[in-house]
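> Let me begin by handing over the structure; questions about it come next.
The values are calculated or read from the model by the stated rules, or taken from the named source; none is laboratory data. For clarity, every value in this text was computed on a predicted model and none was experimentally measured. Note: ideal-geometry Cβ built from the backbone for every residue, glycine included; neighbour counts use all protein chains shown.
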Amino acid sequence: MKLKEKLSSLLSPIKDFLFPLHMECTLCGEEIPSKKGIPLCESCVSKLPHIGEKRCLRCGAKLSTESDFCETCIRTEMCFDEGVSLYEYEDSAKKLVLALKDGHAKYLAPYFGELLAGKIKALGWQIDAVTFVPLLPEKRRIRGYNQAEEIAKAIAEHLDVPCEELLYKKKSTLSQKSLSFEERQKNLIDSFRAEQRIRINGKRILLVDDIKTTGATLSECAKTLKARGAKSVQIASVCSVTYHLFFQQ
Ligand SMILES: [Zn+2]
Ligand SMILES: [Zn+2]
């Protein structure tokens, strides 16, 4: 064996490790070409509960009626202006956001970010800065990252605007999971504060979270940003719970 061939055969495992040709689909484990940069196989992508054109004009949740707004937005006044989501919060989409949140599948954030940025561009939204729903500092420390921040950074990169940390969680609110719709809203009142050192006044802000359930958290964050003079607050989330799902739980 010539020296060049010998070197190449010696280095190939290192090359495969550094630049793998294949990766595994996050949902089904099937091998997929890594050059596509999509962490899912085509079959799993096609089965995701995509939210299409028919979405709530306020929060972006999937609509199954002829109304322009979902039942949550009809019942509740939301402080954000408009929203967009990729998927309904069910089946495989639920598995994906939970993998990003609790399974350390941080590599999913750039994928979701690119898809959301594509939707935002198609909608023609004008955005000056991207921000995200904050975690309590100790929660962020334990997880090592804030999944909403990771998605926000990816969206900002594609929209070519800055990603700014504009919000902080002010007090330890009870976990929203166990609360009813009304309790969730009460629990959140004045629970966020805005960054004082960055100018928010007059800016058109995009606020990002991984999952939008009732929209109460996003609305409270939008209220805080608007109190500091934000011109508009649009919201983007990977998943959105539709009204009937939430109230059946
Ligand atoms: Zn798959
Ligand atoms: Zn809605």
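> Specify the residue that is nearest to residue 201 (Cα to Cα); the eligible residues are those in the range 124-147 that are buried (at least 17 other Cβ atoms within 10 Å of the Cβ) and not aliphatic (A, V, I, L, M).
The residue in question is 128.
> Since residue 141 meets every condition but one in (1) more than 17 Å from the chain's Cα centre (by Cα); (2) within 16 Å of ligand 2 (Cβ to nearest atom); (3) outside any loop (DSSP other than H, G, I, E, B), which condition does it not meet?
(2)
> Which of the residues spanning the range 36-90 are within 15 Å of ligand 2 (Cβ to nearest atom), of a type in the set (Ser, Thr, Tyr) and free of Cβ contacts under 8 Å to residues at least 60 places away in the same chain?
Listed by number, the residues that qualify are 65, 67.
> Mind checking which residues of the range 202-220 are of a type in the set (A, V, I, L, M, F, W, C) and over 15 Å from residue 58 (Cβ atoms)? Give the derivation first.
Looking only at the range 202-220, we keep the residues that are of a type in the set (A, V, I, L, M, F, W, C), and these are 205-208, 211, 216, 218.
Hits for the range 202-220 are 205, 206, 208, 211.
> Let me ask something else about it. So in the range 83-123, with the set limited to residues that are among the charged types (D, E, K, R) and part of a helix (DSSP H, G or I), which one is surrounded by the most Cβ atoms within 10 Å (Cβ to Cβ)?
Among residues in the range 83-123 that are among the charged types (D, E, K, R) and part of a helix (DSSP H, G or I), the one surrounded by the most Cβ atoms within 10 Å (Cβ to Cβ) is 101.
> Let me confirm something: among 117, 93, which residue is in contact with a Leu (Cβ under 9 Å, 6 or more places away or on another chain), in contact (Cβ under 8 Å) with a residue 12 or more places away in the chain and within 16 Å of ligand 1 (Cβ to nearest atom)?
Only one candidate passes the filter, namely 93.
> Look through 205, 151, 200 and report the one residue that is assigned to a loop (DSSP other than H, G, I, E, B), in contact with a helix residue (DSSP H, G or I) (Cβ under 7 Å, 6 or more places away or on another chain) and of a type outside the set (S, T, N, Q).
Details: 205 fails: assigned to a loop (DSSP other than H, G, I, E, B); 151 fails: assigned to a loop (DSSP other than H, G, I, E, B).
Testing whether each residue is assigned to a loop (DSSP other than H, G, I, E, B), in contact with a helix residue (DSSP H, G or I) (Cβ under 7 Å, 6 or more places away or on another chain) and of a type outside the set (S, T, N, Q) leaves just 200.
> Identify, from the list 84, 130, the residue that is under 23 Å from residue 26 (Cβ atoms), touching a helix residue (DSSP H, G or I) at 6+ places or on another chain (Cβ under 8 Å), at pLDDT 95 or above and assigned by TED's automatic domain parsing to the domain that holds residue 194.
Details: 130 fails: under 23 Å from residue 26 (Cβ atoms).
Of 84, 130, the one residue that is under 23 Å from residue 26 (Cβ atoms), touching a helix residue (DSSP H, G or I) at 6+ places or on another chain (Cβ under 8 Å), at pLDDT 95 or above and assigned by TED's automatic domain parsing to the domain that holds residue 194 is 84.
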